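**Student:** After the structure tokens below, expect a handful of questions from me.
The values are calculated or read from the model by the stated rules, or taken from the named source; none is laboratory data. Quick caveat: nothing in here was measured; it's all calculated off a predicted structure. With ideal geometry, Cβ positions are generated from the backbone for all residues, glycine too; neighbour counts draw on all protein chains shown. Protein only, heavy atoms only, side chains kept; ligands, DNA and RNA dropped before computing areas. Shrake-Rupley method; radii C 1.70, N 1.55, O 1.52, S 1.80 Å.
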Amino acid sequence: MKNQVIKPLFMWAGGKTKMMKHYNQLLPNDVKTYTEAFLGGGAMFLNVVDKFNIKKAYLNDVNSDLIEIYKSIKNDVDLFCTYMDDLQKKYMSVSYVNGDKTERKKFYLDKREEYIKMYDTWPKEDNGIERSAVLYFLMKTGFNGIWQSSIKANGKFYTPAGLLNHKEGSTVYDISNVMMWSKLLNDTDVELTSKDWSQVTMGDFTFYDPPYRDSFTSYNTEFGDEEHKKLIKRVEECEDGKTVWLCNRDAHDGFFKSTKATIETFPITYTAGRRKQNDDGSHEAKQATEILMYNHTPEKKQEIADLRRFMLMCY
Ligand SMILES: C[S@@+](CC[C@H](N)C(=O)[O-])C[C@H]1O[C@@H](n2cnc3c(N)ncnc32)[C@H](O)[C@@H]1O
């Protein structure tokens, strides 16, 4: 059997899995300490642990409920999966006949309400593992990787139901992927935190993937241009010997242009779930430009420049 590849635990708005093929040729030559301050689904963390022998990783996201899921999976994956399996069994036994998802939708909405109502009173003895499992179940059955919250839900998870079209014999979540995450989080010296990005210790490679400037995507946080400017400064002032990357999407207003750091741009086509809807209701792939701003060591910058020259010569 082929070795299974570890994937992010959930779809996440702005997830970077699709960017790895572009990023890989620009990675530093070695990484011992790695920081990802806007973790989301952690696509870059997975890429980095796959390529380097990481001694320490600082993984952070201001969304503490998200970080609790990672912590639960790290601390007691068996208990986490017991809760998940129980939820999955109950959900799969809810009637879904001829595409009628009324009952499943009710199950989802009731669970979401229970999660919100009980948020502060879930039993503490299991270190919040049941609460995290319920949230993970909601994320796996809710609308595609979108984190919505509402005042009605005290700012907690309030994403609408997803397709809820799981067929008999299928699963809501990938238990082997969850197990692999647990092993990874235990085999690597990982510090999981939920602070503001500016408080997170920088590694010898630090990756910043903040919310997009031109997106209304809500992670339940405000992230304005002043914050983006502070991040740009972090890249520009990066100490020699360290590497800092900052990515975003081009809003075509020249915001990132004046930086002293190096900028790469990547034209991207969004596929399913992120398609542009035309006036007549038809859908088309949405085009965008991803930006990567970085400050490498002088040697690595030279190496990238040489590689580019070589590729141009071969072209
Ligand atoms: C673009 S997403 C990161 C996606 C991630 N790289 C992936 O591959 O899934 C941005 C993340 O930043 C987090 N965030 C927003 N404001 C933050 C802040 N001030 N400090 C730390 N994290 C923040 C959000 O919760 C969200 O998960």
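**Student:** Of the conditions (1) within 30 Å of Phe52 (Cα to Cα); (2) part of a helix (DSSP H, G or I); (3) within 19 Å of the chain's Cα centre (by Cα), Asn186 satisfies every one except a single condition; which number is it?
**Tutor:** (3)
**Student:** Quick test for you: out of Tyr70, Tyr96, Tyr108, pick the one residue that is away from the ligand (no atom under 16 Å from the Cβ) and modelled with pLDDT of 95 or more.
**Tutor:** Values: Tyr70 fails: away from the ligand (no atom under 16 Å from the Cβ); Tyr96 fails: modelled with pLDDT of 95 or more.
From the options Tyr70, Tyr96, Tyr108, the qualifying one is Tyr108.
**Student:** Identify, by number, the condition in (1) away from the ligand (no atom under 16 Å from the Cβ); (2) closer than 26 Å to Pro298 by Cα; (3) of a type outside the set (Phe, Trp, Tyr); (4) modelled with pLDDT under 95 that Lys32 doesn't meet.
**Tutor:** (4)
**Student:** Going by the conditions given, is Thr171 closer than 19 Å to Phe38 by Cα, among the β-branched types (Val, Ile, Thr) and surrounded by fewer than 17 Cβ atoms within 10 Å (Cβ to Cβ)? Steps first, please.
**Tutor:** Working: closer than 19 Å to Phe38 by Cα: no; among the β-branched types (Val, Ile, Thr): yes; surrounded by fewer than 17 Cβ atoms within 10 Å (Cβ to Cβ): yes.
It is false that Thr171 is closer than 19 Å to Phe38 by Cα, among the β-branched types (Val, Ile, Thr) and surrounded by fewer than 17 Cβ atoms within 10 Å (Cβ to Cβ).
**Student:** Given the criterion free of Cβ contacts under 8 Å to residues at least 60 places away in the same chain and open to solvent by 60 Å² or more (accessible area, probe 1.4 Å), identify the matching residue among Lys32, Lys71, Lys51, Lys55. Outline the logic, then answer.
**Tutor:** Values: Lys32 fails: free of Cβ contacts under 8 Å to residues at least 60 places away in the same chain; Lys71 fails: free of Cβ contacts under 8 Å to residues at least 60 places away in the same chain; Lys55 fails: free of Cβ contacts under 8 Å to residues at least 60 places away in the same chain.
Of the residues listed, the single one that is free of Cβ contacts under 8 Å to residues at least 60 places away in the same chain and open to solvent by 60 Å² or more (accessible area, probe 1.4 Å) is Lys51.
**Student:** Name the residues in region 281-304 that are aliphatic (A, V, I, L, M) and modelled with pLDDT under 80, would you?
**Tutor:** In the first step, residues of region 281-304 are kept if they are aliphatic (A, V, I, L, M); the result is 285, 288, 291-293, 304.
Matches in region 281-304: Ala285 only.
**Student:** Turning to a different aspect of this structure: Being hydrophobic (A, V, I, L, M, F, W, C), away from the ligand (no atom under 11 Å from the Cβ) and modelled with pLDDT of 95 or more is the filter; apply it to region 194-231 and report the residue that is surrounded by the fewest Cβ atoms within 10 Å (Cβ to Cβ). Even if it seems obvious, please write down each step before you answer.
**Tutor:** Going through region 194-231, the residues hydrophobic (A, V, I, L, M, F, W, C) turn out to be 197, 200, 202, 205, 207, 216, 223, 231.
Adding the requirement that they be away from the ligand (no atom under 11 Å from the Cβ) leaves 202, 205, 216.
Still in the running and modelled with pLDDT of 95 or more: 202, 205.
Numbers: Met202: 18, Phe205: 24.
Among those residues, the one meeting the criterion is Met202.
**Student:** Within region 1-40, track down each residue that is closer than 30 Å to Asp306 by Cβ and assigned to a loop (DSSP other than H, G, I, E, B).
**Tutor:** First, the residues of region 1-40 that are closer than 30 Å to Asp306 by Cβ: 16-36.
Once the filter is applied, which keeps residues that are closer than 30 Å to Asp306 by Cβ and assigned to a loop (DSSP other than H, G, I, E, B), region 1-40 yields Lys16, Leu27, Pro28, Asn29, Asp30, Val31, Lys32.
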